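A quick write-up on the structure given underneath.
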Amino acid sequence: MSLSRAGRAPLRLRPRLLPSLAALLLLPLLLGLGAWQLDRAAQKRALAAALNAAGDAPPAQILPGTDTEAVTALAYRRVAAYGRYAPERQLLLDNQVHDGRPGFRVFTPLRLGNGHSAVLVDRGWLPMGATRDQLPALALATDERLVRGLLTPPPDVGLRLGDGMANPGRWPRLVQYLDPERLAPELGVRLLPYVIRLDPAAPDGYLREPPALPFGPERHLGYAVQWFALAATLALLWLRYSLVRDAAAAHPEPPHTETPGHVRHG
């Protein structure tokens, strides 16, 4: 590939090793971060619409046989589910700060029907003890009950490293993020891909606040623009260092010709 202007050497695309490696490593990351922020903006718009529309509308029922597609259709709506809590398999989401204090958000499986499927219930925030090894006691009755709350995706914590489990083999399980598909074998049930944020006035909860948006989708859109702009800048820099002028093409050697009357002696 070559580009040229009158009187100037043509440009040829000759990628260099180090700029190309940097572009291959960083460009997918930057584009992925931009796409993630666009997804976060869409979630914020959906949540804002749901919070405005929910009001006092009767909750939709989550039944034991409800499949993933049906649950997805209920996202950001108030729901109700009958079941029994599984206090022996509770989760503590780490790095949850409230009013400047570190703590955990408590997620408890609610077994539906015959107990082969479950949904995680976000029961609220608890402060951390003196160390992370001093996990809170989470006693809870196992009688059947009706749980009401807002159905949302699991909390988004950004980058996910490893399996997210800080104390494997112990309960309550300390986790860095919630991945229902990965947690299902640990809990021994089919786990629905959404969580129920327990109503603020419902029993069996800890510190809860009404669902609210700390900021709107506009901020996420702004972050997305920044990531995509960095990706575009990286692509332009790669192009800048990959285009070189072909001096040989600009000043070709004149063809060798013999002058009239010249006699070659052999």
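The values are calculated or read from the model by the stated rules, or taken from the named source; none is laboratory data. Since this is a predicted model, take the numbers as computed values, not measurements. With ideal geometry, Cβ positions are generated from the backbone for all residues, glycine too; neighbour counts draw on all protein chains shown. Just so you know, the surface numbers come from the protein's heavy atoms only, side chains and all, with ligands and any DNA or RNA stripped out. Shrake-Rupley method; radii C 1.70, N 1.55, O 1.52, S 1.80 Å.
Residue separation of Asp204 and Arg101 scaled by 0.36 nm, minus their Cα-Cα distance, works out to 34.9 nm of gained length. A straight chain from His116 to Asp179 at 0.36 nm per residue would run longer than the Cα-Cα distance by 20.9 nm. Once the Cα-Cα distance is subtracted from the 0.36 nm per residue extended length, the Arg16 to Asp133 segment shows a gain of 37.1 nm.
Here the label points at Arg170 and Asp67, each 7 Å from Cα along the C-beta direction, are separated by 4.1 nm in the simple model. When each of the peptides 70-79, 87-96 is scored by how many other beta carbons lie within 10 Å of its residues on average, the order from highest to lowest is 87-96, 70-79.
Ordering 32-43, 135-146 by mean Cβ neighbour count within 10 Å, with the highest value first, yields 32-43, 135-146. Glu209 contributes an accessible area of around 110 Å² to the protein surface, as traced by a 1.4 Å probe with all chains present.
Using θ = phi - 60° in the Karplus curve 6.51 cos²θ - 1.76 cosθ + 1.60, the 3J(HN,Hα) couplings for segment 191-196 round to 9, 5, x, 10, 10, 9 Hz; x is entered for Gly and Pro.
Could you rank Phe104, Phe228 by how accessible they are, 1.4 Å probe, largest area first?
Details: Phe104 0, Phe228 75 Å².
Result, largest first: Phe228, Phe104.
Residues of segment 6-46 with an amide N closer than 20 Å to a point placed 7 Å from the Cα of Tyr241 along the Cα-to-Cβ direction: 11-31.
Each peptide in 169-179, 109-119 was scored by the mean count of other Cβ atoms within 10 Å over its residues; highest first, the order is 109-119, 169-179. About the centre of its Cα atoms, segment 27-79 shows a dipole size close to 220 debye [charges on the beta carbon of Lys, Arg (+1) and Asp, Glu (-1) only; nearest 20 debye]. Cα-Cα pairs above 21 Å in segment 40-134: how many percent? Percent of Cα pairs beyond 21 Å in segment 40-134: 50.
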